[in-house]
Structure formats: structure tokens, C-alpha cells
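The values are calculated or read from the model by the stated rules, or taken from the named source; none is laboratory data. Here the structure is a predicted model, which means the values were calculated and not measured. All Cβ positions, even for glycine, are placed from backbone atoms using ideal geometry, and neighbour counts span all protein chains on display. Side chains are part of the model used for accessible areas, which takes the heavy atoms of the whole protein and leaves out ligands, DNA and RNA. Shrake-Rupley method; radii C 1.70, N 1.55, O 1.52, S 1.80 Å.
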Amino acid sequence: MVQINENYLKLPGSYLFSEIARRVAAYSEANPQAKLIKLGIGDVTRPLCPAVIEAMHAAVDEMGVQETFRGYGPEQGYDFLRDAIAKHDYAARGVQMAADEIFVSDGAKSDCGNIGDIFGTDNVVAVCDPVYPVYVDTNAMAGRAGEYDEKTGKWSRLHYMPCTAENGFSPVVPEGKQVDLIYLCFPNNPTGATANKAQLQAWVDYANTVGAVILFDGAYEAFITEPDVPHSIFEIPGARTCAIEFRSFSKTAGFTGNRCAYTVVPHELERGGASLNRLWNRRQTTKFNGVPYVVQRGAAAIYTDAGKKQVQETISYYQKNAAVIREGLQTAGLTVYGGVNAPYIWLKTPDGCPSWDFFDRLLQEANVVTTPGAGFGPSGEGYIRLTAFGGAAATAEAVERVKAIL
Ligand code: PLP
């Protein structure tokens, strides 16, 4: 009889979003007149910009003409997109990246999950707490996480790095402990925190010393506003020999429904005598058949002059929402983090109120839906995540409602 991957049986249910949906549905059913505003949503709401739409229309037309029709594309992405990424996302910030170090994909979520394919199961994995759950669950599926403990909300073999107000929500390098795969996400989901150059340098130095690999998720890079915040791990000296970076067009340009992202694996990155760039290329060419031509043309359009301006307008729209939430809640006397270089605001619940209790209070008294911080890991307890991806008017109203109940 066939054997299944029993690691899947160890996974707890995806409790967070189903529990939010359950509580929201129950409240709406009992209070059909309530007009809920959702500040829990992690998806974009603004449409694709005109430059992207124009490029995609032109690409669709090409597909309908014999001479310009395209079938399977290169698994790693078309040169026009890889070159544009190297030029605009890296060279423009003083980082040299060869086009063949860039692998275009259908999402940072898939890449963050799939990257585990090229690493052994005995590696010790370090994750932030709170954390984007994909890093944890995909390692559990691969058998690298050990056993899940319902009581603590932790996996036995994962190394959790608490990210708290005390350390500025930026994890510190483990002392006297070897970790092999290190997931870092800056700007961070869910806390909205960033890491400065010195903090990232400490990680790069650690990884190079012990032979670890940093998996750096920069999905929210476009939201950075402060000049001294690094946009890429590759701005840090030494990163080319120890880091892989994930980026996405999802939040940068509204591609959540379009699907386009990329992963950077430098040529110098070698472990066990093998080039990780070659391993990832082997993995991608075997298991992935590339992002649609039309989508890649749309993605490349964000690097044109018009595209850059239009994409920035949308980012600015969300950044204004973030400022409205952050400043509004601060005025109300609440302690808030994030929202300056990220679309996420990490709100400390008043008087040590547990996350889920404060979630219920905001739902029932303000009719505002949020995300309880406890759902992102034990250190998220006592926090609520708010997002800036909603409409401007609804966001402003939600903030007024929350202020009114406090
Ligand atoms: N990485 C982080 C930290 C995210 O929060 C998300 C989406 O919410 C992703 C990656 C997924 O990006 P993509 O849409 O490219 O799969």
C-alpha cells in the first residue's frame, strides 16, 4: 500500500484565518445591519496600473499572431525581465547582480516553500516569532520541524527567534548555537519592522562563519521610506556567499492575482561543494515551466518611466493609509509599531488584553476586522495586526471607530 508523507498529518489546521472567518460570520449573522470594515486583509485592493495593462494587452496581441506567438518560455524567466530586474532593482542601488542569478517565478510564497527542496532534512531551521506561517509549515511538510506542541504553539526542532518590542522586532544572532537555514523577512510581515545594516551584517557574518544560509524575504521592499533601511540583503558585504533573496511583484505592483516574483541565488553561494544557483536552476527546470509571457511583459512594464511613476502612486496610496492608522491610533493613546516602511501596523493591545479578546472587542464594538497577533506565533500574543491595503475612506473610518470605543 502506498505510504503518504506523514509529516502532513502533524500539521495543525490553518486555524488563524478560518477562526477569524468563523467569528466574523457569526457576528454578521447575529448583527446583519453591522457594516464591517476589514483591516485584516493581506491582499492588495487597487487595480493594476495603466502601464502594466497596456503591456499585457500588447503581449496578448503578440500571442495571437503566428510570427510573435510564444509557447513554453525559459523556466528561469525571459531575458527582458531578468535584465530589467538586475538593472532597476539591483544596479540602481549599487548592487551588481547577473541576470542568470535571477529566477523569475509565480510567487514568493511558492519560492519560499520550494527552496527547501535543495536543502537536507537534518538542517536546523531558524524562524522569527511572530512569523509568516509559510516558512514554518513548509519545513514541517519536509520533515525538518519535528513535532508540533499544541500548548506552546511551537515545533520541537525549529529554532524560534522572539521578535519583541525590546529587540525592535529584529531577531538576534544565536549565541553558541548552530542554525543552518535562517528565514529573515524585512520589512516584516506581520510586525512591519525593518532591520538596519548592522543587524543584517551580524546575520551575514554569522552565516558565513558557521556555513548557514540566510533566506531573505523582501516581499515588502517597495514600502521602505526611510533612507538608511537596506532594500536587499545583497547591500550587505559578504551576503553573496551566504544568502538567497525572494522578491515579489504582488505587493509592489498589485500582482497578487497575476502571479510574478523572483528569487536571487548568487553564483558565489556554495555549500557542500555545490553551487546553490545550479541546484535551484536544476530544481526549477525540472519542476516549473515558467511564468506566462503576458504576465512577464506586465511585470517588466513597472520598470518603464511611466510604470515606475504609476506603481509609486499606488504604493503612496497604501502608505497614506498606513500613516492614518498609525497616527490615529497613537493619538488615541495606543502603542503602535510598523507602518513606516511596511503596509503592516503592529498594535499593542491595551492593558495586556489577549489578542483574540481585543480582536473580538474591535469586531463587536467598532465593527472592524483585524488579525490577532497570536496567530503568527507565541510572541505575537498581546498584539493585533492591521493592514493598509484597504480603501482610504474605509481605513479612515475604521480608525475613527476604534478611537471612539477606547
Ligand atoms: N512573503 C511574505 C512575507 C508575504 O507576506 C507574502 C504574502 O502575503 C508572500 C511572501 C507571498 O508573495 P507572493 O504573492 O509573491 O506569493
- [ ] Only residues that are touching a strand residue (DSSP E or B) at 6+ places or on another chain (Cβ under 7 Å), assigned to a loop (DSSP other than H, G, I, E, B) and either more than 30 Å from G298 (Cβ to Cβ) or within 14 Å of the ligand (Cβ to nearest atom) (or both): list them for segment 226-259, please.
- [x] C242, F249
TODO: Could you list, in sequence order, all residues of segment 137-160 that are of a type in the set (A, V, I, L, M) and under 10 Å from P12 (Cβ atoms)?
DONE: A140
- [ ] Under 8 Å between Cβ atoms, at least 6 apart or on separate chains: pull out the pairs that start in segment 371-394 with a residue that is without any contact (Cβ under 8 Å) to a residue 40 or more places away in the chain and within 19 Å of I37 (Cβ to Cβ) and end on any residue that is open to solvent by less than 10 Å² (accessible area, probe 1.4 Å) and assigned to a loop (DSSP other than H, G, I, E, B).
- [x] I384/T349; I384/T370
TODO: Evaluate the following for Q364: is it without any contact (Cβ under 8 Å) to a residue 12 or more places away in the chain, open to solvent by 10 Å² or more (accessible area, probe 1.4 Å) and among the polar types (S, T, N, Q)?
DONE: no
TODO: Answer yes or no as to whether I41 is open to solvent by less than 70 Å² (accessible area, probe 1.4 Å) and in contact with a Pro (Cβ under 9 Å, 6 or more places away or on another chain).
DONE: no
Task: Candidate set: segment 10-22, residues that are open to solvent by 50 Å² or more (accessible area, probe 1.4 Å) and either within 16 Å of the ligand (Cβ to nearest atom) or assigned to a helix (DSSP H, G or I) (or both); chosen: the one farthest from P190 (Cα to Cα) - done: K10
- [ ] Filter segment 200-223 for residues that are charged (D, E, K, R) and either within 16 Å of the ligand (Cβ to nearest atom) or more than 14 Å from E175 (Cα to Cα) (or both) and give the result.
- [x] D217, E221
Open item on the list: Can you confirm whether G382 is buried (at least 21 other Cβ atoms within 10 Å of the Cβ) and within 29 Å of C163 (Cα to Cα)?
Closed with: no
- [ ] State all residues of segment 69-107 that are more than 22 Å from T286 (Cα to Cα), surrounded by 12 or more Cβ atoms within 10 Å (Cβ to Cβ) and free of Cβ contacts under 8 Å to residues at least 60 places away in the same chain; if no residue qualifies, say none.
- [x] D83, A86, A91
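So that you can scan it fast, the table gives a plain yes or no per residue for (1) assigned to a loop (DSSP other than H, G, I, E, B); (2) away from the ligand (no atom under 16 Å from the Cβ); (3) more than 28 Å from G377 (Cα to Cα); (4) within 21 Å of the chain's Cα centre (by Cα):
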{"position": "Y8", "(1), (2), (3), (4)": "no, yes, no, no"}
{"position": "Y27", "(1), (2), (3), (4)": "no, yes, no, no"}
{"position": "I53", "(1), (2), (3), (4)": "no, yes, yes, no"}
{"position": "E67", "(1), (2), (3), (4)": "yes, yes, yes, no"}
{"position": "G73", "(1), (2), (3), (4)": "yes, yes, yes, no"}
{"position": "D83", "(1), (2), (3), (4)": "no, yes, yes, no"}
{"position": "A86", "(1), (2), (3), (4)": "no, yes, yes, yes"}
{"position": "M97", "(1), (2), (3), (4)": "yes, yes, yes, no"}
TODO: Please tell me if D43 is touching a Phe, Trp or Tyr at 6+ places or on another chain (Cβ under 8 Å) and touching a residue at least 12 places away in the same chain (Cβ under 8 Å).
DONE: yes
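Listed residues A342, A301, A332, A306; which is within 14 Å of the ligand (Cβ to nearest atom) and either more than 30 Å from R385 (Cβ to Cβ) or touching a helix residue (DSSP H, G or I) at 6+ places or on another chain (Cβ under 7 Å) (or both)? Quick ask: steps written out before the conclusion?
Working: A301 fails: within 14 Å of the ligand (Cβ to nearest atom); A332 fails: within 14 Å of the ligand (Cβ to nearest atom); A306 fails: within 14 Å of the ligand (Cβ to nearest atom).
Only one candidate passes the filter, namely A342.
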Task: Qualifying residue in segment 256-268 (condition: at pLDDT 95 or above, of a type in the set (S, T, Y), open to solvent by 30 Å² or more (accessible area, probe 1.4 Å) and more than 18 Å from D217 (Cβ to Cβ)) - done: no
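For segment 262-269, check the following and say yes or no: at least one residue is away from the ligand (no atom under 16 Å from the Cβ) and part of a helix (DSSP H, G or I). Walk me through it before giving the result.
Filtering segment 262-269 for residues away from the ligand (no atom under 16 Å from the Cβ) gives 265-269.
If we keep only those that are part of a helix (DSSP H, G or I) as well, we get none.
For segment 262-269, residues away from the ligand (no atom under 16 Å from the Cβ) and part of a helix (DSSP H, G or I): absent.
Could you please let me know if E29 is free of Cβ contacts under 8 Å to residues at least 12 places away in the same chain and of a type in the set (D, E)?
Answer is yes for this residue.
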- [ ] Could you please find all residues in segment 163-180 being within 16 Å of the ligand (Cβ to nearest atom) and more than 10 Å from C128 (Cβ to Cβ)?
- [x] none
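If you go through segment 47-68 one residue at a time, how many are buried (at least 16 other Cβ atoms within 10 Å of the Cβ) and of a type outside the set (A, V, I, L, M)?
Adding up the residues that qualify gives 2.
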TODO: Kindly provide the set of residues from segment 385-404 that are under 26 Å from the mean Cα position of the chain (by Cα) and either surrounded by fewer than 20 Cβ atoms within 10 Å (Cβ to Cβ) or hydroxyl-bearing (S, T, Y) (or both), ordered by number.
DONE: T387, G391, A392, A393, A394, T395, A396
Task: Residues being more than 8 Å from the ligand (Cβ to nearest atom) and open to solvent by less than 50 Å² (accessible area, probe 1.4 Å) - total across segment 112-123 - done: 8
